[in-house]
Amino acid sequence: MAGGMVPPLPDLIRRWQHGWGVACGLAPADEADGALHVLSGKPGRNLESIVLDADGDPAALRALAAQVAGSPDPDWLTVPTTSPRQVADALSEEGVRLCTAQEHFMAISLAEHPDRPAELPYQVVLERDGPLLDVRITDERGEPAAHGLAVVHQEFAVAHNIATYRAHRRRGLGGAVMGELVREARRRGARTGLLVASRQGRQLYTALGWTPLAEVVSGGTRPRR
Ligand SMILES: CC(C)(COP(=O)(O)OP(=O)(O)OC[C@H]1O[C@@H](n2cnc3c(N)ncnc32)[C@H](O)[C@@H]1OP(=O)(O)O)[C@@H](O)C(=O)NCCC(=O)NCCS
């Protein structure tokens, strides 16, 4: 990570959540009881709570899990952890319905990120809106082929919603989107990249030099009958 000093995981989670929240247009999170709480607006996720120190404070994790399990609304718990099995067991025991798709919290020193421009006939457009960077790649007919967002705040850049349309995958566009975002983020002084990756995304980011900080286990309130 940039500068050699790795900030503690809870600090990196706060940094990531801030960028993710801005990218999704969410209100700032409330921090309480060892988690960041945010009205996420996603279906099935009324209140999303992101646990800051699941590995260091398992009692707080269980209390948060019990809250989500007992909520009258469909709430959601997101848990970055280096012990995903134990966390999954704790969530299940407290009555949370586990999400089967585990994600990955990853980071990179942006100075080491490769720059891989998209090849012709693809066209790349970067739009800037305050801290938000929005990259779109179109094909020779002007149809969308890939896109991605990043939010730059102080020395951190948080990438979000990176995707390549199916017909255009494995042609370097995911790498090109990331390279474009990183180039602009570095120009603005960002030194460390953070993101939460899907399983597929992890393959891309690993190929670009990102490394895992933690696994992300998540789950929600069981639907009421
Ligand atoms: C993940 C995703 C963005 C990758 O986009 P892409 O344009 O296919 O990625 P690239 O062509 O730039 O891939 C660069 C390298 O990353 C690795 N890689 C990317 N996708 C991979 C996959 N599905 N399996 C294995 N390796 C993969 C490979 O090393 C690849 O190089 P190669 O094709 O020469 O082997 C795309 O699969 C996608 O949109 N998936 C669905 C949405 C998603 O999960 N987004 C990530 C959210 S975190």
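Rounded to the nearest 20 debye, the dipole magnitude of the chain is 660 debye, with +1 charges on Lys and Arg beta carbons, -1 on Asp and Glu beta carbons, and the Cα centre as origin. Each residue of the stretch 100-114 was assigned a 3J(HN,Hα) from its phi angle through the Karplus curve 6.51 cos²θ - 1.76 cosθ + 1.60 (θ = phi - 60°); the sequence is 6, 8, 6, 10, 9, 8, 10, 9, 8, 7, 4, 4, 9, 6, x Hz, with glycine and proline shown as x. Over the stretch 39-139, with a single point scatterer placed on each C-alpha, what log10 of the ratio I(q)/I(0) does the Debye formula yield at q = 0.15, 0.18, 0.22 1/Å? With no solvent term, the Cα-only Debye profile gives -0.78, -0.90, -1.11. All C-alpha pair distances within the stretch 77-120, sorted into 5 Å bins from zero, spread as 5, 16, 22, 13, 9, 9, 9, 9, 6, 3, 1 percent across the bins.
Here Arg199 and Asp139 are evaluated by their C-beta separation; at R0 = 30 Å the FRET efficiency comes out at 0.70. Measuring only protein heavy atoms, the 1.4 Å probe finds Glu215 accessible over about 40 Å². Taking the C-alpha atoms only, the angle from helix 84-94 to the longest principal axis of the chain is near 40 degrees. Against the main long axis of the alpha-carbon atoms of the chain, helix 173-187 sits at an angle near 90°.
Between Ala66 and Glu127, the simple spin-label model (points 7 angstrom out along Cα→Cβ) gives 4.7 nm.
Simple spin-label estimate for Ala167 and His37 gives 4.7 nm between the two label positions (7 Å along the Cα-to-Cβ direction from each Cα).
Rg and Dmax of the stretch 122-161, based on Cα coordinates, read 11.5, 38 Å. The residues of the chain expose on average 52 square angstrom of accessible surface per residue, using a 1.4 Å probe on protein heavy atoms.
Working note: 222 nm ellipticity from helices only, DSSP H runs with n ≥ 4, each -39,500 (n - 2.57), summed and divided by the residues of the chain, gives -8500 deg cm²/dmol to the nearest 500.
Computed over the stretch 107-212, the range of Cα coordinates on each principal axis works out to 38, 29, 19 Å, biggest value leading. In units of the rule-of-thumb radius 2.2 N^0.38 Å, the chain shows an alpha carbon radius of gyration of 1.04.
Taking the 1.4 Å solvent-accessible surface of the chain as the whole, the part contributed by carbon and sulfur is 49%.
The values are calculated or read from the model by the stated rules, or taken from the named source; none is laboratory data. Keep in mind that what you see is a predicted model, and the values were worked out from it rather than measured. Cβ coordinates were reconstructed from backbone atoms using ideal geometry, including for glycine residues, and neighbour counts include every protein chain displayed. Surface areas here come from the heavy atoms of the whole protein model, side chains and all, with no ligands, DNA or RNA. Shrake-Rupley method; radii C 1.70, N 1.55, O 1.52, S 1.80 Å.
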